Amino acid sequence: ALRGVVALDGPSGTGKSTVARRLASALGAAYLDTGAMYRAITLAALRVRAAVSDAEAVAHAARSAELVMGTDPVHPTVTLAGEGVEHDIRGPAVTGSVSAVSAIPAVRELLVDEQRRLIRQAVKQSGGIVVEGRDIGTVVAPEAGLKVYLTASAHARAQRRTAQDAAAGRGTDLERTHADVRRRDDLDSGRAVSPLRMADDSVELDTTELDVAGALTQLHKLVEQRG
Ligand code: C5P
């Protein structure tokens with residue numbers, strides 16, 4: 001079983017969520033999707049009609065949100081005041097606004113605190129946790145025993161997002177998705193607070209040519225090496 005923290009960072013469409021969940025489940029570890037937390041806060045802000053450009057209003061919505069994250073890798077849950085929002089946080093309205101919301105310092109402070117609390121709790125209860133996001137190795141859990149930075153070409157990432165949208169019954173448009181992937185990359189890498197970047201001590205894993213099983217094989221090797 002895993003001891004401690006595995007940090008999985010990288011942009012969207014690298015297969016991060018799928019491999020993070022499967023890795024956690026294979027290792028008997030907990031799992032935390034920090035992107036889902038930024039998405040849930042974005043949904044909460046949109047529901048109270050806060051303008052995402054209004055940092056004060058969004059921060060207020062975030063503090064009132066009653067966000068509770070479940071850390072079981074087989075059934076990861078995201079609830080706002082008791083309501084399951086796992087589906088709603090993947091819709092286009094949230095995806096279009098989440099980068100703006102996640103750039104607000106007060107929102108990051110609130111969520112990073114909660115992420116650290118969940119990590120401490122999971123390490124106590126299950127011994128280990130796989131945490132995925134953008135700033136896990138750099139900011140949230142710099143003490144992580146293994147840090148992996150997943151990459152893939154923008155084209156491969158747009159194709160994966162499109163396939164996921166199709167599988168979930170959402171409308172698809174490869175060109176639009178490609179543009180959205182690039183737009184979010186720019187926003188996430190360019191923001192002032194905790195920009196997306198690789199930690200100095202992380203291992204880069206390029207998944208452009210790897211399927212899920214191939215990526216998992218590499219990750220299991222890395223976990224063993226660090227064990
Ligand atoms: O991983 P996912 O695509 O669901 O993340 C949604 C958004 O949340 C990202 O585009 C990014 O703006 C933000 N995010 C972040 N820091 C994290 C995880 C996600 O800023 N640790």
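Just a few scattered comments:
- Nearby lysines by direct alpha-carbon distance to K221 (threshold 16 angstrom, same-chain neighbours under 8 apart not counted): K147
- Working value for the stretch 155-198: equivalent-ellipsoid semi-axes of 24, 10, 9 Å, each the square root of 5 times a Cα gyration tensor eigenvalue, largest first.
- Distance in nm between pseudo-label sites at Q121 and R3 (7 Å out along the Cβ direction from Cα): 2.4
- Rounded to the nearest 20 debye, the dipole size of the chain about its Cα centre is 200 debye, using +1 on the Cβ of Lys and Arg and -1 on the Cβ of Asp and Glu.
- Kirkwood hydrodynamic radius computed over the stretch 60-134 comes to 13.8 Å, based on all pairs of distinct alpha carbons.
- Note on E86 and E143: the extension gain reaches 17.6 nm, defined as 0.36 nm multiplied by sequence separation minus the Cα-Cα distance.
- Positive end of the dipole of the chain (Cβ unit charges, origin at the Cα centre): among V140, G84, T207, the Cα lying farthest that way belongs to G84.
- Over all Cα atoms in the stretch 81-227, the spread is summed up by Rg and Dmax: 16.6, 45 Å.
- Contour excess over end-to-end distance, with Cα ends at Q218 and A106 and 0.36 nm allotted per residue: 36.7 nm
- At 0.890 mPa s and 25 °C, Stokes diffusion of the stretch 1-127 via Kirkwood alpha-carbon radius, µm² per second: 163
- The length gained on full extension between R226 and V193, counted as 0.36 nm times the residue separation minus their Cα-Cα distance, comes to 8.9 nm.
- Of the GluC sites (Glu not before Pro) found in the stretch 148-213, those that fall in a DSSP loop while having at most 13 other beta-carbon atoms within 10 Å are E209.
- Mean separation of Cα contacts under 8 Å (6+ apart) over length of the stretch 1-96, as relative contact order %: 25
- Length-normalised contact order for the chain - Cα pairs under 8 Å, 6+ apart - percent: 32
- FRET efficiency estimate (nearest 0.05) - Cβ-Cβ, D173 to T151, R0 22 angstrom: 0.40
- Taking GluC sites (Glu not before Pro) across the stretch 102-144, the ones in a DSSP loop with at most 16 further Cβ atoms lying within 10 angstrom of their Cβ are E143.
- Of all DSSP bridge pairs formed entirely within the chain, close to 20 percent run antiparallel.
Coordinate-derived values only; no laboratory data. Treat the numbers as computed from the prediction; the structure is a model and nothing was measured. As a convention, Cβ positions derive from the backbone with ideal geometry for all residues, glycine included, and neighbour counts pool all protein chains shown.
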